[in-house]
Amino acid sequence: MNQHPILLKSALTSLCLLVFSLAGIAQSGELSPENRDSMELAEQELLALSYVMHTDSSADRRFTACKELIRGLVTSLNRPNSFRYAFPELEGVSIQYAPDSSFRIFTWELHVNRDEYRHYGALQRNTENLQLTPLIDRGFTLRENPENAILGPDNWLGYVVYRMIPGGTHNGSPYYLLFGFDRFGTWRRQKILDVLTFDQNGKPQFGLPIFDTYTEKGQLMPDRSRIILEYGAEGRVAMQYEADSNRIVYENLILMPGTNEEGPVNMPDGSYHALEYRDGRWTEITKIFNHVYDKAPRDPERKADGRDILGRHRGGNGR
C-alpha cells in the first residue's frame, strides 16, 4: 500500500495528537520494583519496534512500527514515577535530559520515502503529575526563513535532539540550547542549534532571537532565532558546545558542486564559527573563524557504547 505523502503526514500528526493526549497520574517518590520490571519488559518491546521502524524495507511496516512505538512509549510513561526510568537499552530513540533534570525530551526519526524523513518527539516534565507534551513535526511547512520563526510544540521544526545545555537567561527566565540533526532528504542533511523556553503556562516554545551572527560581508543577521546548517549528505559537519572554552563551535560551509544528482551543495571548508555568551546573548567572536584545528571538533556519541547521533549502534547511515 503506497500512501500519498500528504495523507501520511496527516495520519502521523493525528496519531500523535490522539495518543499523547492523556491525563496525568501522580509521580512522587521512586519507581516501584514492580513498575521498574514492567518498564524493562516494555522497553524490550519498544526496542524491537524501533529496529523495524529504522531498518525494514517496507514503508508501511516502518509506519506501523512507529505507530506502535508511540503507543507503547505512552503506555510505559503512564506509570507512577516513570521519569525515574531512563530507558538505557532503547536504541533509535534519543532521550536528552535538562541539566537540572526538570524535564526530558524523546525524539526520533521515521524514513517515509526516498526524499522524506519525519520526526517525532515528546517532552516529559519531572512533576508530581505526568505532563507529556507531543512535538508535532511541521518542518515541511517552514521552508521560508525557518531560522527566524518562533514555534510551539504543535508546529515544531522536527529533528533528533542529540545534546541539550543551559543557554542562559532571557527576561529573567532560563532557556536551553538544543543541538539537533535532521537527515532531511536524499542529498542533504541539517544540523540545528535551537532554543527552548517555557511560557508562563509552562508550554514549550522553540526559537529565541539571542544570536548575534554575521554574513560573509559583515552584516548582522537580524532576529536569528536558531542556526541551521544544511549540507551535502556525504559531508560530516560538527556543531558542538566546548565546555572548556564555554563556547559553541560549528563548521563554515561553502557551496560546492555535488557528486551525484543533487546539484550544488554546502560542504565544510575546514574553518569554523565560534559563539560566546556575552551580556545575555550568543555572539559570534569573529565573522569567519579562520583557525584550523589539528583535529576537527566532532559531536560526541550519545553513549560510551558507541551509539550514533540517533541513538543506534554505529553501522547505519551516519551524520
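The values are calculated or read from the model by the stated rules, or taken from the named source; none is laboratory data. Values in this document were obtained by computation on a predicted structure and should not be read as measured data. Every residue, glycine among them, receives a Cβ derived from its backbone with ideal geometry; neighbour counts consider all protein chains shown.
For the criterion of being touching a helix residue (DSSP H, G or I) at 6+ places or on another chain (Cβ under 9 Å), small (Gly, Ala, Ser), on the phi > 0 side of the Ramachandran plot and at pLDDT 95 or above, residue 121 fails.
Please find, within the stretch 253-267, the residue that is surrounded by the fewest Cβ atoms within 10 Å (Cβ to Cβ) out of those that are closer than 24 Å to residue 142 by Cβ and not β-branched (Val, Ile, Thr). Don't jump to the end; show me each part of the working.
First pass over the stretch 253-267, keeping only residues closer than 24 Å to residue 142 by Cβ: 253, 255, 258, 262-267.
Cutting the leftovers down to not β-branched (Val, Ile, Thr) gives us 253, 255, 258, 262-264, 266-267.
Details: 253: 20, 255: 10, 258: 16, 262: 15, 263: 8, 264: 10, 266: 19, 267: 19.
Going through the qualifying residues, I end up with 263.
Going through 65, 59 one at a time, which residue ends up being more than 23 Å from residue 155 (Cβ to Cβ), within 21 Å of the chain's Cα centre (by Cα) and at pLDDT 95 or above?
65
For the stretch 67-123, filtered to residues that are of a type in the set (Asp, Glu) and part of a strand (DSSP E or B), the residue that is surrounded by the most Cβ atoms within 10 Å (Cβ to Cβ) is 109.
Residue-level analysis places residue 194 among those that are within 12 Å of the chain's Cα centre (by Cα), of a type in the set (Asp, Glu) and either surrounded by 14 or more Cβ atoms within 10 Å (Cβ to Cβ) or modelled with pLDDT of 95 or more (or both).
Within the stretch 56-73, the residues that satisfy the criterion of being free of Cβ contacts under 8 Å to residues at least 40 places away in the same chain and more than 16 Å from residue 94 (Cβ to Cβ) are 56, 57, 58, 61, 64, 65, 68, 72. Summed over the stretch 275-291, the residues that are among the charged types (D, E, K, R) and modelled with pLDDT under 70 give a count of 1. Every test in (1) assigned to a loop (DSSP other than H, G, I, E, B); (2) of a type in the set (S, T, N, Q); (3) under 20 Å from residue 240 (Cα atoms) is passed by residue 190 save one, and that test is (1). Would you mention how many residues in the stretch 209-222 are closer than 28 Å to residue 134 by Cα and either crowded, with 19+ Cβ neighbours inside 10 Å or modelled with pLDDT under 95 (or both)? Total meeting the criteria: 2. Contact map, the stretch 159-173: residues that are farther than 15 Å from residue 206 by Cβ and modelled with pLDDT of 95 or more paired with residues that are buried (at least 21 other Cβ atoms within 10 Å of the Cβ) and among the small types (Gly, Ala, Ser), Cβ distance under 8 Å, separation 6+ or inter-chain. Pairs shown: 162/94; 162/180.
Under the condition of being crowded, with 21+ Cβ neighbours inside 10 Å, assigned to a loop (DSSP other than H, G, I, E, B) and in contact with a Pro (Cβ under 9 Å, 6 or more places away or on another chain), the residues counted in the stretch 151-165 number 1. Across the stretch 124-150, the qualifying residues are those that are part of a loop (DSSP other than H, G, I, E, B) and under 17 Å from the mean Cα position of the chain (by Cα), and the one among them that is farthest from residue 101 (Cα to Cα) is 142.
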